[in-house]
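Peer 1: Handing you a structure now.
The values are calculated or read from the model by the stated rules, or taken from the named source; none is laboratory data. Quantities reported herein were computed from a predicted structural model and do not represent experimental measurements. Reconstructed Cβ throughout: ideal geometry from the backbone, glycine too, with neighbour counts over all protein chains shown. Accessible surface is based on the protein model in full, side chains and every heavy atom, while ligands, DNA and RNA are left aside. Shrake-Rupley method; radii C 1.70, N 1.55, O 1.52, S 1.80 Å.
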Amino acid sequence: MPASPSTARAINDRLALRLLQQEGPLTAGQLKQLTGLSRPTVADLVDRLTAAGLITVVGESGEQRRGPNARLYGIVADRAHLAALDVRTEGVLVLVSDLVGRVLAEASVPIDAGSGTGPAVEQAVAAVESAVKEAGALAAPERAGVREWGRLHTVGIGAPGLIDPATGDLRDSAGLPAWHRSLVATLHERLPGARVTVENETNLAALAEQREGAARDRDTFVLLWLGHGVGAAVVLDGTLRRGASGGTGEIGFLPVPGTDTLPSATDCTGGYHSLTGAAAIVSLATAHGLPAPPTTDGPGAAEAVRGAVTAVLAGMGSGTARSGAGRASAGEAGSCDGPVTREAAGAGARPASAGEPGSCDGPVTTEAAGAGARPASAGEPGSPAGSAPAAPAGSGAGSSSGESVGSGAGSSLADRPGAGAGPESAVVAGGVAEAVAGPAGELPAARFLGALADRIAVGAASVVAVLDPGCVVLGGEVGQAGGTVLAGLVEERLRRMSPLVTEVRASSLGGTAVLRGALLTARDRAQDELFAPPERLGG
């Protein structure tokens with residue numbers, strides 16, 4: 001049955017707006033070419049969208065061209081403003097942008113753990129209001145015929161804890177501050193007219209990695225968040241999966257070998273969190289003789305991992321690259337679009353907090369953390385400190401960088417641009433396990449990274465066995481700090497543990513992923529409404 005004229009117009013308008021969002025300003029001729037619509041149809045939709053205040057002339061396509069066909073049309077960026085919040089147990093990060101994602105204002109506020117619910121909420125809301133005011137989202141001029149011109153349209157919030165899939169509300173969770181739930185309700189009251197949406201922070205990180213980060217070319221993948229706690233997000237066939245109760249990815253509660261207890265319904269101590277949470281990672285590092293970071297939270301664990309990677313790369317020196325064949329070069333199917341660096345999430349990067357999905361507030365046992373853990377053979381998944389050195393060279397378990405598809409033992413990225421230029425490029429070119437082995441493999445830092453990769457692989461292998469995602473992204477501060485080296489070591493272990501080929505990549509967004517995901521979610525929701533047919537908007 002053919003679409004009605006009004007439905008056809010709505011479809012065409014939405015298509016044109018999406019193209020302008022993705023491609024930037026376009027001429028009517030370029031819209032015609034990209035949409036396949038006739039010239040009169042494109043002219044009509046341009047007039048319609050201009051009258052609705054959604055697009056405007058932003059320039060001309062070239063100095064030599066004149067007339068209507070040369071006009072460049074772009075989305076009216078200040079048609080609406082968006083706010084994104086990254087809510088932690090110890091504070092809030094705020095970002096305000098226009099409709100095309102240009103950042104207009106930022107704010108952050110620390111919140112003391114001893115603050116009561118009322119003062120904590122007031123501090124957080126004041127930070128949001130300050131950023132919104134700075135961006136001009138509360139004082140934008142009205143324009144005739146366009147509803148709510150320039151006002152704050154949508155607020156996207158990323159928070160630890162479970163989101164009720166039926167209501168979209170943040171559920172009560174053990175260990176999370178009471179002000180989290182109160183903040184959402186207060187924002188509804190203090191920002192009248194703004195749409196407020198809440199999503200689990202790990203899920204938002206996965207959406208950001210899919211749209212802007214390490215999983216841009218993947219419709220199916222799992223994000224393993226490694227920060228203060230550990231969580232996972234599952235994207236299957238391009239869709240984020242939340243589960244019946246919103247708890248998909250609560251991997252911190254996964255029972256694993258290497259701990260002396262089992263997790264409970266209210267405490268993940270004894271679960272996967274006890275092997276890969278920040279405190280456990282820091283303990284594992286110190287058990288291998290590495291310097292103790294100043295904190296045992298997400299940034300502290302990232303500092304320990306980052307230092308170990310740096311030490312291993314320095315120990316390798318030059319000339320350790322081994323050329324091979326069979327790895328996908330940049331731009332090939334299944335490969336990453338760019339190099340994943342070993343730089344840390346850095347100062348100001350988001351520290352994941354106690355009480356995050358899959359994390360727990362209880363103490364990490366000495367056994368789980370590494371010292372005094374049960375005996376295990378070298379290379380055994382979940383083995384404790386000192387028991388799992390990096391895989392030796394020539395073991396037949398060729399590893400890979402976390403940047404490209406793992407294609408089999410002994411594969412390489414020798415054809416990748418920049419390969420062979422230094423220690424990190426040597427890892428990319430020769431395969432992680434083989435490159436780290438040798439003299440560098442005797443370093444305490446290498447043994448620490450090998451033991452950590454064992455632990456991470458335990459949970460990753462469980463996810464792979466059930467979902468077969470084909471790709472696991474190591475996110476959070478720790479995932480980004482470990483970079484190519486840690487991702488490659490985990491991939492090498494997964495290749496030994498599972499018959500299902502799985503690429504492991506390092507996050508390219510790290511601690512910023514939650515805020516980016518919240519902004520992208522807010523933008524999508526705003527555009528779904530603003531890009532609707534003009535008659536529905538009342539414009």
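Peer 1: Just name the residue that is farthest from residue 99 (Cα to Cα) out of those in the stretch 1-29 that are among the polar types (S, T, N, Q) and either touching a helix residue (DSSP H, G or I) at 6+ places or on another chain (Cβ under 6 Å) or without any contact (Cβ under 8 Å) to a residue 24 or more places away in the chain (or both).
Peer 2: 4
Peer 1: Hey, among 511, 488, which residue is in contact with a strand residue (DSSP E or B) (Cβ under 8 Å, 6 or more places away or on another chain) and either of a type outside the set (Lys, Arg) or at positive phi (or both)?
Peer 2: Criteria check complete, one pass: 488.
Peer 1: Give me the pairs: first residue in the stretch 205-219 and in contact (Cβ under 8 Å) with a residue 24 or more places away in the chain, second residue open to solvent by 10 Å² or more (accessible area, probe 1.4 Å) and small (Gly, Ala, Ser), beta-carbon distance under 6 Å, and six or more apart or on different chains, which are they?
Peer 2: 213/508; 214/508
Peer 1: Would you confirm, using the coordinates I've provided, whether residue 230 is open to solvent by 10 Å² or more (accessible area, probe 1.4 Å), on the phi < 0 side of the Ramachandran plot and among the hydrophobic types (A, V, I, L, M, F, W, C)?
Peer 2: no
Peer 1: Going through the stretch 99-125 one residue at a time, which ones are surrounded by 14 or more Cβ atoms within 10 Å (Cβ to Cβ) and in a helix (DSSP H, G or I)?
Peer 2: Of everything in the stretch 99-125, those that are surrounded by 14 or more Cβ atoms within 10 Å (Cβ to Cβ) and in a helix (DSSP H, G or I) turn out to be 117, 120, 121, 122, 123, 124, 125.
Peer 1: In addition: For residue 478, work out the one condition from (1) buried (at least 24 other Cβ atoms within 10 Å of the Cβ); (2) assigned to a loop (DSSP other than H, G, I, E, B) it doesn't fulfil.
Peer 2: (2)
Peer 1: Could you list, in sequence order, all residues of the stretch 185-204 that are more than 29 Å from residue 479 (Cα to Cα) and touching a residue at least 24 places away in the same chain (Cβ under 8 Å)?
Peer 2: Within the stretch 185-204, 186, 187, 190, 191, 193, 194, 195, 196 qualify.
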